[in-house]
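Everything on this sheet refers to the single structure shown next.
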Amino acid sequence: MGVAVSSPLAKPSDVKNGIQSVTVKSIHFDEDEAKTLVRSISYNSLDPEPLILISVGSKNMVSEGSVSFKGLDLEQSVSAKSPPLDKPENVPIKAVIETPKQSPVFDPSNPQHEAAIRLQKVYKSFRTRRKLADCAVLVEQTWWKLLDFAELKRSSISFFDIRKHETAISRWSRARTRAAKVGKGLSKNEKAQKLALQHWLEAIDPRHRYGHNLHFYYNQWLHSQSKEPFFYWLDIGEGKEVNIEKCPRSKLQLQCIKYLSPIERKPYEVMVVNGKFVYKQTGKPVHTIEETGDAKWIFVLNTSKILYVGVKKKSTFQHSSFLAGGATIAAGRLVVDNGILKAVWPHSGHYRPLEENFNDFVSFLRENNVDLTMSR
C-alpha cells in the first residue's frame, strides 16, 4: 500500500506564485485499525498555513521520500508502504535523498570550466613570480645599504673600538674606502666634479647626516685637539655630549640626506627624445612647473652622461642623493614644461660646478637636439 504526492515546477517563479497548496498524507497501521493523518499546507502570499484535516488509527509503517532537481523543475515525491500484517516486528525507516545535479559550468568536461582553471593557474603563477621579483629587489636594496653602512662604519668608527695599534697599511685602507665615496666616477671622466670638501663628511658618514650641520661639529672637534677620529669622537668618544647652539644635536641627527642605491635612482633617470625630456621608466614628459611654484627641481649628469632629475627637499634630498655622493659632469637647477627645457642654472651647493662643467652640460643638450633658443 502506498501514497504519493508530486508537485512539478515549470520555472523559478512558480516557487513564489505557482504553488497554492500541498496535501500530505501519512497512514499508520496499528493492530486492526488504521489511522490516517492528513496535513494541508497552503501558500497564499509567502506564509504557509498548515491545517490538520483528519487522523484515524495507528500502526508501524515504512516511508520513503525523495527530492530531485531537474534543470529548473522541482519534483517532490512522498510514498508510504505498509509491512505485512503477519509480521509485527519493527522495520527500520529508510530515507533516500537525491542531491541536486551539478551545474554544467562546473562540469570538468565543460570547455568553460577548463578555461577558467587554466586562467586561475596563469594568474597564480604570475602573482608568485611578481612577489619573488619584488622580494629580490627589496633584498638587493637592503644589502646595498647595509654593506655601504658597514663599510663606512668600519672605516670611521668601529675600527677604534678594537683598541689596537693601527698600521700604516690600515690607515691607507680606511682613507681609500672613504675617498672612494666622493671619487666614484672620476676614472670615466677627468673633468668630473667631486663633492665640495665641506660635504665630504656627509658622504663618508655612515648615516649621511647633512654636511652643513656636520661641519659645525667638525670645527669643534678640530679645536678640541682630540686624538680620536672625528666620527668616533662625535658618536662614541669625548664629543658625544657636545651640543652646539647653532645646530643642536637633535637637528644633526634628524636631518639626514637620502643616498639612492642603483635601483632606487632608476625612477629619476631622464632621456632626451626628439629634443624633449622624458622619464626613461615611464616615458612621460618631465614637468617641473607646479601650481605653487615653491618646488625647486635639480639635476645631475653623471660621468656616463646619464641624466637624473628630481625635486629638491632641503636637508633630505639634495644633488648628492642621486649618485650617493659620486662625481658628476654637471649639476644644477632647471625648469621643464611638458618636456621642453625653459631654463637651466649651474647652482649646486654640494658640487659647486665650474663654468666648464656648465658648458659640458650645454654640449650634452645640443648633442641631443634640445632647442636652447627658448631657454635661459
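For beta carbons closer than 7 Å, sequence separation of 6+ or different chains, a first residue in segment 202-231 that is among the hydrophobic types (A, V, I, L, M, F, W, C) and a second that is in a loop (DSSP other than H, G, I, E, B), the qualifying pairs are Ala203/Leu195; Ala203/Gly325; Leu214/Asp205; Phe216/Lys246; Trp221/Gly239; Phe231/Ile157; Phe231/Asp205.
I'd like to know if segment 285-304 contains one or more residues that are of a type in the set (S, T, N, Q), out of contact with any Lys or Arg (no Cβ under 7 Å at 6 or more places or on another chain) and at positive phi.
No, because not a single residue in segment 285-304 is of a type in the set (S, T, N, Q), out of contact with any Lys or Arg (no Cβ under 7 Å at 6 or more places or on another chain) and at positive phi.
Listed by position, the helices (runs of 4 or more DSSP H) enclosed by segment 191-246 that each have at least 2 residues that are of a type outside the set (Val, Ile, Thr), over 41 Å from the mean Cα position of the chain (by Cα) and outside the structural domain of Gly325 (by TED's automatic domain parsing) are 211-224.
Does segment 285-293 contain at least one residue that is closer than 30 Å to Pro206 by Cβ and either surrounded by 14 or more Cβ atoms within 10 Å (Cβ to Cβ) or not assigned by TED's automatic domain parsing to the domain that holds Asp205 (or both)?
Looking through segment 285-293, none of the residues is closer than 30 Å to Pro206 by Cβ and either surrounded by 14 or more Cβ atoms within 10 Å (Cβ to Cβ) or not assigned by TED's automatic domain parsing to the domain that holds Asp205 (or both).
Residue pairs whose Cβ atoms lie under 6 Å apart, separated by 6 or more positions or on different chains, with the first residue in segment 335-358 and touching a residue at least 40 places away in the same chain (Cβ under 8 Å) and the second surrounded by fewer than 18 Cβ atoms within 10 Å (Cβ to Cβ) and among the acidic types (Asp, Glu), do not occur. Just give me the residues in segment 306-325 being under 14 Å from Tyr268 (Cα atoms) and among the basic types (Lys, Arg), in sequence order. The one that is under 14 Å from Tyr268 (Cα atoms) and among the basic types (Lys, Arg): Lys312.
In this structure, Thr328 does not satisfy being surrounded by fewer than 22 Cβ atoms within 10 Å (Cβ to Cβ), farther than 17 Å from Met271 by Cβ and among the polar types (S, T, N, Q). Restricting Lys258, Lys194 to residues that are touching a Gly at 6+ places or on another chain (Cβ under 7 Å) and either at pLDDT 80 or above or within 22 Å of Gly310 (Cα to Cα) (or both) narrows the list to Lys194. Restricting segment 294-323 to residues that are hydrophobic (A, V, I, L, M, F, W, C) and surrounded by 21 or more Cβ atoms within 10 Å (Cβ to Cβ) leaves a set whose member that is nearest to the chain's Cα centre (by Cα) is Phe322. Here Lys276 clears all of (1) surrounded by 16 or more Cβ atoms within 10 Å (Cβ to Cβ); (2) of a type in the set (D, E, K, R); (3) under 26 Å from Gly211 (Cα atoms) except the condition numbered (3).
Taken over segment 261-294, the criterion of being under 16 Å from Lys305 (Cβ atoms) and in contact with a helix residue (DSSP H, G or I) (Cβ under 7 Å, 6 or more places away or on another chain) is satisfied by Arg265, Tyr268. Taken over segment 296-310, the criterion of being among the basic types (Lys, Arg) and farther than 16 Å from Val335 by Cβ is satisfied by Lys305 alone.
The values are calculated or read from the model by the stated rules, or taken from the named source; none is laboratory data. The structure presented is a predicted model; accordingly, all values stated were derived computationally and were not measured. Positions of Cβ are backbone-derived with ideal geometry, glycine not excepted, and every protein chain shown enters the neighbour counts.
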